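See structure below.
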Ligand code: C2E
Ligand code: MG
Ligand code: MG
Ligand code: MG
């Protein structure tokens with residue numbers, strides 16, 4: 001029986017492997033086509049709110065893929081495949097171009113934040129690519145922010161640091177994304193050429209029911225603020241979480257579904273144009 005079972009499960013495993021590989025190839029082929037089209041890959045924009053002013057200070061640009069049969073494919077579903085297949089450079093080119101073009105049309109000083117995956121920092125032409133997009137769109141460098149994950153900095157090479165420093169000297173700002181989820185030690189943060197730290201949303205879990213969790217989040221926020229970095233708390237979903245953070249002077253900026261889901265370019269522009277303080281979603285809706 002054991003033999004029989006293991007043979008069956010092996011056959012099953014092989015089939016599952018073949019299916020997964022087939023699926024991966026199908027997505028890769030479709031992604032290649034999407035990269036050639038004009039609007040299959042597009043960006044949505046999630047507001048980042050000044051915690052004191054309750055006004056939009058920037059938008060994070062997040063990539064989406066409108067697939068002809070699968071519907072909207074999320075970055076979590078296709079970016080790993082883009083990485084494996086080498087299509088990630090083309091995806092990055094496209095997202096940076098769209099984000100700069102859209103943000104250049106915004107009134108006032110609202111910034112746009114783009115996510116750049118660690119592999120892209122190995123590109124020798126990354127700096128040139130970003131500068132070309134700033135020049136072509138007319139977006140001033142100080143209105144572009146680049147979000148990098150902390151793992152990128154673990155044992156990163158001097159070429160990576162050189163590119164970050166060069167862009168930063170020109171006014172582009174850098175943030176650490178998903179802070180607290182990586183493999184780095186806390187001390188490293190002190191020496192990085194960055195402006196902002198985005199605390200991962202997992203740190204909000206349970207803060208309202210567990211005093212120790214609240215202490216941990218408050219301590220983390222204070223730690224970053226005392227290093228003269230801007231703090232952003234990601235994943236604010238409820239009014240109770242919002243109240244907690246709005247009363248914390250070290251929590252500079254907030255982002256999350258309590259302010260709404262990411263918006264299309266048109267709606268983002270409209271939100272800036274209205275220029276009024278953000279009214280969080282109705283309390284009932286946020287619970
Ligand atoms: P991230 O950079 O940490 O972006 C925030 C993610 O959390 C987004 O998911 C956003 O929709 C989601 N989110 C925002 N507020 C809330 C909230 O209150 N609750 C919860 N549960 N989620 C919230 P999304 O758009 O699916 O992106 C996932 C990740 O994919 C991003 O995490 C980022 O690492 C990556 N990504 C997204 N767009 C791009 C891109 O253009 N280029 C690259 N390289 N990576 C991207
Ligand atoms: Mg991000
Ligand atoms: Mg994040
Ligand atoms: Mg995150």
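Couple of notes before you dig in:
- Counting beta carbons within 10 Å around each of 276, 137 and listing the fewest first gives the order 276, 137.
- Residue among 215, 95, 15 with the largest mean-square fluctuation in a Gaussian network model of the chain, springs linking Cα atoms under 10 Å: 15
- Between residue 247 and residue 157, the simple label model (points 7 Å from Cα in the Cβ direction) yields a spacing of 5.1 nm.
- Cα convex hull of the chain - mean projected area over all directions, nm²: 19.0
- Relative contact order %, the stretch 138-196, counting alpha carbon pairs below 8 Å whose residues are six or more apart: 45
- Beta bridges per DSSP, both residues in the stretch 1-158: antiparallel share near 65 percent.
- Based on the reciprocal of the average 1/r between different C-alpha atoms, the Kirkwood radius for the stretch 100-164 equals 12.8 Å.
- On a per residue basis, the convex hull of the C-alpha atoms belonging to the stretch 216-287 measures out at 105 Å³.
- Relative contact order computed over the stretch 1-112 (Cα-Cα under 8 Å; 6+ residues apart), in percent: 23
- On the principal axes of its alpha-carbon atoms, the stretch 127-201 has extents of 38, 29, 17 Å, going from largest to smallest.
- As a calculated quantity, the FRET efficiency between residue 109 and residue 222 at R0 = 30 Å, using C-beta atoms, amounts to about 0.65.
- Note that the stretch 106-239 carries a Kirkwood radius of 16.0 Å, evaluated over its alpha carbons pair by pair.
- On full extension, the segment bounded by residue 122 and residue 237 gains 37.9 nm, given 0.36 nm per residue less the C-alpha separation.
- Helix axis angle, 126-137 relative to the chain longest principal axis, alpha carbon, degrees: 60
- Whole-number percent relative contact order across the chain, with pairs defined as alpha carbons under 8 Å at least 6 apart: 18
- The order of 42, 183, going from fewest to most other C-beta atoms within 10 Å of their C-beta, is 183, 42.
- Kirkwood Rh (inverse of mean 1/r, distinct Cα pairs), the stretch 1-143, angstrom: 17.6
- For the options 190, 115, 151, a Gaussian network treatment of the chain with springs between C-alpha atoms closer than 10 Å singles out 190 as fluctuating the most.
- Of all the options 157, 209, 169, the one that moves most in a Gaussian network model of the chain with Cα springs shorter than 10 angstrom is 209.
- Order of 94, 66, 196, 33 - criterion: other Cβ atoms within 10 Å of each residue's Cβ, fewest first: 33, 66, 94, 196
- Radius of gyration (Cα atoms) of the stretch 166-287, expressed as a multiple of 2.2 N^0.38 Å: 1.15.
- A straight chain from residue 32 to residue 72 at 0.36 nm per residue would run longer than the Cα-Cα distance by 12.8 nm.
- Once the chain from residue 205 to residue 24 is taken as fully extended at 0.36 nm per residue, the excess over their C-alpha distance is 61.9 nm.
None of the figures in this text is laboratory data; all of them are computed from the coordinates on show. Keep in mind that this is a model prediction, so the values were computed, not measured. Positions of Cβ are generated from backbone atoms using ideal geometry, with glycine treated the same way; all protein chains shown enter the neighbour counts.
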